[in-house]
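To start, the structure itself, in C-alpha cells.
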Amino acid sequence: MRMLVTGSSGHLGEALARSLLDLGHEVIGLDVVEGAYTNRLGSICDRALVRRCMAGVSTVFHPATLHKPHVATHSRQDFLDVNLSGTLNLLEEAVTAGVDAFVYTSTTSVFGDALTPPITAPAAWITEDVAPVPKNIYGVTKAAAEDLCQLFARNQGLATMVLRTSRFFPEEDDDRSVRARYTDDNLKANEYLHRRVDIEDVVSAHLLAARRAPSLGFRRYIISATTPFLPEDLAGLRAHAPLVVGRRVPGYDAIYAQRGWTMTQGIDRVYVNQRARDELGWTPRHDFAALIARLAAGEDIRSPLARLIGSKGYHGETFSDGPYPVDA
C-alpha cells in the first residue's frame, strides 16, 4: 500500500519510513529538508503539493511539525502556518483522496502547566483524562491540531487518531543545570520511569493506530514507556523518588552504582500508557526494567532502530548554551 509520511527527514518520520518500507509498503516521504527517505521536497503548507502527494495514498502518518526547540527561533505565525494550516491541508486532501486512516503525532507537551503540580503536592498522574493547559505556542498549536483531527473524524468520517508522544529525541536536555547533574545516558534512563519512550515503540504504536483507526474511531492516546509506578506511589515520588524506584525495580541501584549514575530525587509527573495498551493492543518493549537488564548485560539502552536513526537536531546551526535556545 502507498503511505504518506510527513517530516520524513526528521527523527520519527525517518523511523516510520524505514519501518514501512521494510514491511513492503510504498512510502511518499514529504519534508522541507532533504533526506534519504524524502522523495517529495516541500512544505505541508503548499496545498497543491499536498494534493499531489496524497494521490493513491491509503494511510497518512503526520509527524511533521515545528517543535518546542523552534519556539525561540520561529514566530508564532510560523507555528500557526505549519502546525495548524499544514495539518488542515493534509486533513482536507486526505478526505478528498479517500484515505483509509490518518494518524497525527501530537505531544505530551499539550498538557503544559497541568504537568507540574504545586511543590508540596504529589506527582501528577497523567492520563488522557487530564485537561491540557498549553504554556507556549507549540502546545497551543498541537492541541488545536488535535481538535482539527477530531472535527474531521466527526464531520467528514475520516478515520483519525492522535498519539501524544513523550520524549524520544536523542539530543541533550536544554536545561544547563540538568546537564550538569547527570550524564546524558543517566538522565534518559531516569526518564524512562515517567516521561520517555523509545522510537521503536513509538513506531509500533503508529502502525497499530493506523490499523485500528477505522474500527475504533477517533481516539487520543499517551505514548510513553510503561511506568512501574502506581497511583499510591505519587506522594513518595515527589520527595523520595529513589526509595520508590527501589521498591518497584529492585536492584536498579546496584547497576547505577557500577556506572556512577544517580537517580533523580523527585519526580513531578508520570505518563500513563494504559489506554493505548488496552485499546490498541500496544505492547511497548522498552521500559525502565528492560533498560536495567540491558545495562546489567553490558548492552546499549537504545533499541536498534534508535541507534540506526541517531541524532537529527532541530536547527541548522549550533548554540553555545545547549542543543537549542530556550525561549524565556
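Bear in mind these aren't lab numbers, they're just calculated from the coordinates by the rules spelled out. Quick caveat, the model's predicted, so the values are computed rather than measured. Positions of Cβ are generated from backbone atoms using ideal geometry, with glycine treated the same way; all protein chains shown enter the neighbour counts.
Some observations on this one:
- Residues in the range 295-302 carry Karplus couplings, in order, of 4, 4, 8, x, 9, 6, 6, 8 Hz; the curve used is 6.51 cos²θ - 1.76 cosθ + 1.60 with θ = phi - 60°, and Gly or Pro positions show x.
- Relative contact order of the chain, defined on C-alpha pairs under 8 angstrom at six or more residues apart (%): 18 percent
- Spatial offset of the range 216-231 relative to the range 84-160 amounts to 14 Å, using the alpha carbon center of each.
- Between the amide H of ARG269 and those of ALA124, distances stay under 5 Å, these residues lying 5 or more places away or on another chain, with hydrogens modeled in the peptide plane.
- With θ taken as phi - 60° and the Karplus curve 6.51 cos²θ - 1.76 cosθ + 1.60 applied, the whole-hertz 3J(HN,Hα) list for the range 165-176 is 7, 8, 5, 9, 5, x, 5, 5, 5, 7, 8, 4 Hz, x standing for glycine and proline.
- For ILE223, the amide hydrogen comes within under 5 Å of the amide hydrogens of ARG164, THR165, SER166, counting only partners 5 or more places away or on other chains and with H modelled in the peptide plane.
- 0 to 90° range, to nearest 10: angle between helix 11-22 axis and the chain longest Cα axis: 70 degrees
- Relative to the longest principal axis of the Cα atoms of the chain, the long axis of helix 86-97 lies at roughly 50 degrees.
- Modelled label positions at ILE119 and ARG275, each set 7 Å beyond Cα in the direction of Cβ, lie 3.2 nm from each other.
- Amide hydrogen neighbours beyond the local backbone of THR160, cut-off 5 Å, H modeled: PHE102, PHE218
- Per-peptide average of other Cβ atoms within 10 Å, ordering 115-123, 262-270, 59-67 highest first: 59-67, 262-270, 115-123
- Summing charges over all other residues whose Cβ lies under 9 Å from the Cβ of ARG47, with Lys and Arg as +1 and Asp and Glu as -1, gives -2.
- The phi torsions of the range 233-239, fed into the Karplus equation with coefficients 6.51, -1.76 and 1.60 and a -60° offset, translate into couplings of 8, 5, 5, x, 4, 5, 10 Hz, rounded to whole numbers, with Gly and Pro shown as x.
- Computed helical MRE - 222 nm, the chain, DSSP H runs ≥ 4 contributing -39500 (n - 2.57), nearest 500: -12000 deg cm²/dmol
- Along the axis of the charge dipole computed for the chain (Cβ charges of +1 for Lys and Arg, -1 for Asp and Glu, origin at the Cα centre), the listed residues VAL5, PHE229, GLN77 are led at the positive end by PHE229.
- Relative packing of peptides 45-52, 6-13 - highest average C-beta neighbours within 10 Å first: 6-13, 45-52
- Spatially close Lys pairs in the chain, defined by Cα atoms under 20 Å apart and a spacing of eight or more places or different chains, total 5.
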